[in-house]
Every structure is written in structure tokens, then in C-alpha cells.
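J.: Just passing along the structure, written as C-alpha cells.
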Amino acid sequence: MEVFKGYVDHIVYRNEENGYTVFELVETGEEPIFCVGTFPGLDAGETVEVEGDLVEHPVYGTQIKASTWRVVPPDDVTSMERYLASGAVKGIGPTLAARIIKTFGDDTFRIMEEEPERLTSVKGISERIAREIADQMEEKKDLRNAMVFLQQYGISNTLAVKIYDTYGTERLYQILKENPYKMAEDISGVGFKIADGIAARIGIQANSEYRIRSGILYCLLRAEAEGHSFLPEAELKAHAEELLQVPLEGIDSVLVDMMVEKKIMLSPDPNGTNRVYAASFYYEELRCARMLLQLNIPFYAPEGTEFLPVEEWDAHIPKADLTHITQRLSALEKSEEITLDELQKRAVLSAACNGVFILSGGPGTGKTTTINTMIRYFEGEGMDIALAAPTGRAAKRMTEATGMEARTLHRLLELSGGMGDDRQKARFERNSENPLEYDVVIVDEMSMVDIHLLHALLQAIGAGTRLIMVGDVDQLPSVGPGQVLRDMMESGIFPMVVLRHIFRQAGSSDIILNAHHINQGEPIRLDTQSKDFFFLERDNPEVIYKHMIQLIRDKLPGYVHADPSEIQVLTPMRKGNLGAQTLNKVLQQYLNPAGPDREEMEYGENILREGDKVMQIKNNYQLEWQILGNFGIPLDKGLGVFNGDMGTVREIRKKEQSVTVEFDEGRIVEYPFSQLDELELAYAITIHKSQGSEYPAVLMPILSGPAVLLNRNLLYTGVTRAKSCVMILGSAAKIREMIANESENKRYTSLRERLLELREADLKLQNG
């Protein structure tokens, strides 16, 4: 290892989450050299001492790979002036920096820290500015001291900066010594395990109530990430006992205390055992159930009767109204040149006559035709209609299918506020106080909607508005917690129609036929004889790579009349030889290779290049987007880019340290280099991430993997993402195993039970 000392000329890239930084280091009398490593809080202009190795990078040449570093005081007036002129201290630019150095020379930094009032002798510095400069110098000094203090407990520099920014100097030391577990509640990115490691070093006992409380909340938070709304009490205790390694009695007593404080809620299930919820989840599910029931009103029920059995609702439609609707449907069939089957007609009738309606069905069963007929019917009645879907791609599909603009639910609800990925601080401008001004709201791809988004939607829908929800219940459930479409359908409370008939034109597609065979657990033909559903038996990942590249680049674009960028590789897993991470590196190399006409940059272990397909991998409620028209004039703008949104890298600007990405709907987003960890390559994505999307052609490499993951549900979802062509490469035996494997990961949700409980209570109240 060598030691290098110099000043930071400029920062090329910084990841604020983990502190990974690339900057140019200038040693006295030497040429600038790139330095890479973890340097949180480092400012341009600072003087640093770096210990590390000189390594050769294939693109950037010789660079320093740093292992340790420290900021050292500038030891000459040139370094001091360079630091002050860099903008590290707000309010001081190059001109003012030169004046300060000319006045105080080598004594400048001591004056700024110990006698800041003397700065007023410099032209352009008032008493207020002098105080602000002194405060900044003190704050930087406090931050350095805090980082040294935190490092002795094994806390990284990155995390140290976050902790300092959250608590400040005084609270930081108090919280760390009394209850470091509070950080897990207050600071994004500080989970229980990090807080637990800090607590152990500080000397907090394993059976501390703070520790057990934090561990219980962590178990519930981890359950949310897996899609659950609650955990059975026995399962929660087992997880907590395994995590905390403390006797069960200690966990029991803390659970009681947390229940008394309403941090958690206990509710008995039908078997008499307790379900344990984080309090926010319990009330969110309860409010969703209540709002759904309030909307679920048959418009033609006898006066004073709100709770009729669903099967009796249509019987109360006045004959004149029934005749009117029937005649309108006949006229629409004629004008649109379509023929509706009985279930489709019933769907339009029920949507017209009820506050809530659910339409479900697999591919090729006529959902789009039914939705279009509903739209034309409501337009003919003079009603205002809103179309929405959970993702940009799903909204784009809906727009293309209906000829009417569809928006994402976040845009429909007018997302505002929230920092980064903090859902708690985000809000929607459309809510109970400012509801949507539509007569009908139609939401497609409801299987993707989680309990949080359902709650926000229901708050924004006023009484008298029809809510029509469309989705395929057999697809994978939402990435977020809950399985709201399935729970609503299984409750039996809402009028719904499940379309099952495959129409003649759809029946000519092997994609649609095979999707239905898969869904029913029936065998499918695996060969290359179909027009749109192909299978190649291959057992070597390297050979599969070769075929995929050839198919995407040369064969499929002409066959499906699409650009290679529109052809999507879907894989069951993230890791492994055929996982998304490995496939993306392979595909990028061949589909978007390096070249003089494409700017690129290295971040972490990845290369990002202009022209790359990328995906947003976390919800960011604060990222700004805009849609540009001719001459770059903004036509629309808003906030929020969400987990699963896909786009293309349009421009990388190293000087400005920003990347421009164009997402679906033409949304342009500027990413500072510090936020590039929110993006990942998307030449290959997991099937879970593909929900709600449709691609001209889909390639699926399926060779091996755990049975718990490779199931019928996953294969069905992947196949139904393709519009014109499915190509599976891998093992026929594994495909057959997936079709036979109908097990799904069980989700603990209780929206269904909440709906039934509230409806029963309402019926009792109505009947006295």
C-alpha cells in the first residue's frame, strides 16, 4: 500500500447511500489521478491523505483503490484558498476566498473557527455572513468528531453521516448510549440488525426491552416485505425468538406492553389463534374494508335497503331502466361491430348498476372488448370517466387498447411530497377532502395493487362514483403487501364477472391457449412447431446466452415487427447463471456495446451506458419528471418514479454529474450520480417485476431453481406478458414440474375477513 496526499479537484461520482465515491486527486506537482473508495461527506477542495493501491482500470487507466483515508488540514495558503473557493463553505466563492487568504494567510482556518468576528474586516463579509461561516466550520468539526465517535462502534462513514443529519450533535450521543434501536425506527436504511450490532458494542443487554421491542417490529416489517399484512402470533414469536435469542417469556411481556401502547394490534382468526399486526397495517386494512362497503351500493336497491345479497341486485332494476341498458348495448354492438357473449353483457349491466364492480379473466377472454363497451356506454350517458393502472407500462397498454388516455394511479391521485423512498411522508393531493371528480373510475391490472395503493385510491373516490376493477386473479400478487383483488373476489360481497370463454381469434394463438392450459395444470406442447410459442431444450447456460443474443439481435425483431429493445428477457430469479444480474451483464455487452458514440460511466460494480435499458428498483416519491413537447417545451410534469418503471438512458453528463432517463409515457427524469443505485439494467428482469407489462416477444430461460419459486403461477404470469411470441430456453422437465406445482407462497392477509365482519355488523344494525 502507498500513501497519497493531495486535494480533491472534483467529485466524478458519489453514492450517498453507501459512500462509494470516484474523485480526481491532485498531488503537488503531479498529474491528476482518479481515486475510488468509500468517502462519505467528502467535499471538493478538501485535502486528504489516502492509503491504497495503484490499480489499472480497463477504461479509466491508472487509479488509486483506497482502503483508508482522512481529511487533513490544508498546510499552505494555496490549499486553503482552493478549499474555500470550492464552495465547501456556503457563501464563499473564489473572489471572497482570495480576499480572506490575503487578509489572514496561514492563520485563516484558526480565525474562522476561533475568532470569526474578525472576518468582518474582509470586504463583502457582514456580521451575519461571518456567523454563518463560523457555524458551518463548527458543524463540519462536529461531524468529524461524531464520525470518529461512531466508528469506534463499527458504524460506517456513510451511516455516521445519516445518523448525524437525523439527530444532530446532542441527541446523537444520548440516543446511542440509551437506545440505539430508535435509529431503526427513525432512519431509512438502518434496520434492526445494524442497530443491534451497535447496541452490542455499546454494551446493551440482549434481554433489553428496547431490543426485544425493536426485534418484534423488525419481524413485522420483514413480513410486510414478503407481502404479508400480519403474522400469526406463534409464527411471530418463533421469528422473534430466533432473531433475538432470548427466552419466550421476555417476548410475551413486551408484546403485551406494545399492545397496550397500540404499537401492535392483536386480532383472533377463525381458529381462535391471534394475528399480530403493526398498528398502521391493521387500521389500513380496516379502513379499506369500510370504504369499499360504503361504495358498494346497488343503485336500484329498494329504498332503505343497502345490503342485499349480490345475486338479488339485478332483480331490482326497474324494467324501463333494464330495457334502456339492453337497447344501448345492442346499439353499441352494432356501431362497434362486435358481438358480446352473455357474461360480457352481464358485466356491462352490473358495472352500470353498482357502485363497485370486479371484472376478471385470463388472456383472450374479452376483457378489453368489455372495458371498451363500458366506456362507450358511460360516454353515451354523459358521464366523466377516468382510466388508470398501477404502472406506466400498464397505463400505456390501457391507452392503446381503449383509445382513451389512461394514467398511473399515482398520477391520477396527484402524488405530492415525500422524500426519497419514504412512503410515510408522501401524500396524494386527491383524498377524502379533495376527491376525484369523475362519475366512473376504471382500474386495470388490479392484481398488482397493494393495500397501501388501494387505501389511497379509496380515499379519493367519493360516494356515487362507480369503481370498476379489472384484473387476472391468477397472476402473481402485488409486490407490496396484500392480495387485494383475490381477497375482494373471495369475499363474495361485490358484484363480479369472471370471463372464461376464449374467443375464436384468440384461440388461434398458442400463447393464449397454453396460458390457459398452464393455469389449469394441463400439459403443453414443447417444441418449435408453433407460430408464436417455441421451446428449445438446452442445458448449458453459455449456449442459452448465445441463443438469446442471436434471437434478440437478429431473429425476433423482424418476426414480431419490433425493435430489439422491445424484446424482453424474463427470468424466475435474480441470482445464478440465468438470473437477472448475470444476464444483464452478458446482454449489455452484446446488445449495447461500448463505442465512441456512447458515453458510459462506472458505478459500483456496474457500467451504465447511453442507450441502456434500465429499471427503477425502489419507490422514489420525490423524483421529478416532465414530458417534453416540440423544442423541449414541458407539456406535463410531476413527482414520483416507482419500483418496476422501465426506461432508457438517453444521456450521461459527467461534468454535471447527472444521467437522463426516459421512462414510459415519455417521462424524462434527471438522476444525479448520487441516486444511480436506484437504477439497474433491465435487458433481463424477473417475472415478478414484469407484472402489468406486455412485450412483443418474451424470452424465458428456465433450467433449474427452487421448487418454492418455480411454480405454475410464475410460469403463467411470464407467458401472459407476451403479445406475439414466447420463446422458452432450458429444461422441458422443469417446465412440466412448474405446471404441476400449484403451490403459492401463502400470504397472511385479512381484507376478506374484514369485509365480511363489517358487512355482518352492518346487517345486524340494519335489522335491529
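J.: Just checking, which of L266, L236, L255 is closer than 29 Å to D450 by Cα, among the aliphatic types (A, V, I, L, M) and open to solvent by 50 Å² or more (accessible area, probe 1.4 Å)?
T.: Residue meeting the stated conditions: L266.
J.: Here's a follow-up. Can you go through L714, L681, L755, L765 and tell me which one is out of contact with any strand residue (DSSP E or B) (no Cβ under 7 Å at 6 or more places or on another chain) and open to solvent by 10 Å² or more (accessible area, probe 1.4 Å)?
T.: Numbers: L714 fails: open to solvent by 10 Å² or more (accessible area, probe 1.4 Å); L681 fails: out of contact with any strand residue (DSSP E or B) (no Cβ under 7 Å at 6 or more places or on another chain); L755 fails: open to solvent by 10 Å² or more (accessible area, probe 1.4 Å).
Exactly one of L714, L681, L755, L765 is out of contact with any strand residue (DSSP E or B) (no Cβ under 7 Å at 6 or more places or on another chain) and open to solvent by 10 Å² or more (accessible area, probe 1.4 Å), namely L765.
J.: Does segment 29-47 include one or more residues that are open to solvent by 50 Å² or more (accessible area, probe 1.4 Å) and free of Cβ contacts under 8 Å to residues at least 12 places away in the same chain?
T.: Checked segment 29-47: at least one residue is open to solvent by 50 Å² or more (accessible area, probe 1.4 Å) and free of Cβ contacts under 8 Å to residues at least 12 places away in the same chain.
J.: Just to be sure I understand, how many residues within segment 239-252 are in a helix (DSSP H, G or I) and open to solvent by less than 80 Å² (accessible area, probe 1.4 Å)?
T.: Adding up the residues that qualify gives 9.
J.: Still on this structure, I have one more. Go through (1) open to solvent by 30 Å² or more (accessible area, probe 1.4 Å); (2) farther than 30 Å from E753 by Cα; (3) touching a residue at least 12 places away in the same chain (Cβ under 8 Å); (4) not in a strand (DSSP E or B) one by one and return the number of the condition L536 breaks.
T.: (4)
J.: For segment 651-665, which residues satisfy the criterion of being within 18 Å of K396 (Cβ to Cβ) and either open to solvent by less than 40 Å² (accessible area, probe 1.4 Å) or part of a strand (DSSP E or B) (or both)? Break it down stepwise before answering.
T.: Taking segment 651-665 first, the residues within 18 Å of K396 (Cβ to Cβ) are 661-665.
Matches in segment 651-665: V661, E662, F663, D664.
J.: Let me ask something additional. Can you tell which of L220, L176 is at pLDDT below 80 and open to solvent by less than 30 Å² (accessible area, probe 1.4 Å)?
T.: The conditions single out L176.
J.: If you scan segment 575-593, which residues turn out to be closer than 15 Å to Y683 by Cβ and open to solvent by 40 Å² or more (accessible area, probe 1.4 Å)?
T.: Q581, T582, K585, Q589, Y590, L591, P593
J.: Look at I524 and say whether it is touching a residue at least 60 places away in the same chain (Cβ under 8 Å), farther than 30 Å from D762 by Cα and among the β-branched types (V, I, T).
T.: Yes.
J.: Residues in segment 187-223 that are of a type in the set (K, R) and within 21 Å of the chain's Cα centre (by Cα): how many?
T.: Summing the residues that are of a type in the set (K, R) and within 21 Å of the chain's Cα centre (by Cα) in segment 187-223 gives 1.
J.: Any residue in segment 460-474 that is more than 30 Å from E757 (Cα to Cα) and without any contact (Cβ under 8 Å) to a residue 60 or more places away in the chain? Outline the logic, then answer.
T.: Taking segment 460-474 first, the residues more than 30 Å from E757 (Cα to Cα) are none.
No.
J.: Between V122, V77, which is in contact with a Lys or Arg (Cβ under 6 Å, 6 or more places away or on another chain) and in contact (Cβ under 8 Å) with a residue 12 or more places away in the chain?
T.: V122
J.: How about segment 378-483: which strands (runs of 3 or more DSSP E) wholly inside it have at least 1 residues that are more than 28 Å from I297 (Cα to Cα)?
T.: Numbers: elements: 385-389, 406-408, 415-417, 426-428, 440-443, 466-471.
Here the list reads 415-417, 426-428.
J.: Can you work out which of the residues in segment 604-647 that are open to solvent by 20 Å² or more (accessible area, probe 1.4 Å), of a type in the set (V, I, T) and under 26 Å from E414 (Cβ atoms) is modelled with the highest pLDDT?
T.: The residue in question is I627.
J.: Out of T368, T399, T391, which single residue is in contact with a helix residue (DSSP H, G or I) (Cβ under 6 Å, 6 or more places away or on another chain), open to solvent by 10 Å² or more (accessible area, probe 1.4 Å), hydroxyl-bearing (S, T, Y) and within 21 Å of T720 (Cα to Cα)? Reasoning before the result, please.
T.: Working: T399 fails: in contact with a helix residue (DSSP H, G or I) (Cβ under 6 Å, 6 or more places away or on another chain); T391 fails: in contact with a helix residue (DSSP H, G or I) (Cβ under 6 Å, 6 or more places away or on another chain).
The unique qualifying residue is T368.
J.: Further question: Name the single residue, out of those in segment 540-574 being open to solvent by 80 Å² or more (accessible area, probe 1.4 Å) and in contact with a strand residue (DSSP E or B) (Cβ under 8 Å, 6 or more places away or on another chain), that is modelled with the lowest pLDDT.
T.: Residue satisfying both the conditions and the ranking: R574.
J.: Follow-up question, since we're still on this one. Of everything in segment 541-587, what is assigned to a loop (DSSP other than H, G, I, E, B) and more than 30 Å from the chain's Cα centre (by Cα)? Give them in sequence order.
T.: If we filter segment 541-587 for residues that are assigned to a loop (DSSP other than H, G, I, E, B), which is where we start, we get 561-563, 567, 572-579.
Matches in segment 541-587: H561 only.
The values are calculated or read from the model by the stated rules, or taken from the named source; none is laboratory data. Owing to the predicted nature of the structure, the values given are computational and were not obtained by experimental measurement. We place every Cβ from the backbone using ideal geometry, glycine too, and count neighbours over all the protein chains shown. Calculation scope for accessible area: heavy atoms of the full protein, side chains included, ligands and nucleic acids excluded. Shrake-Rupley method; radii C 1.70, N 1.55, O 1.52, S 1.80 Å.
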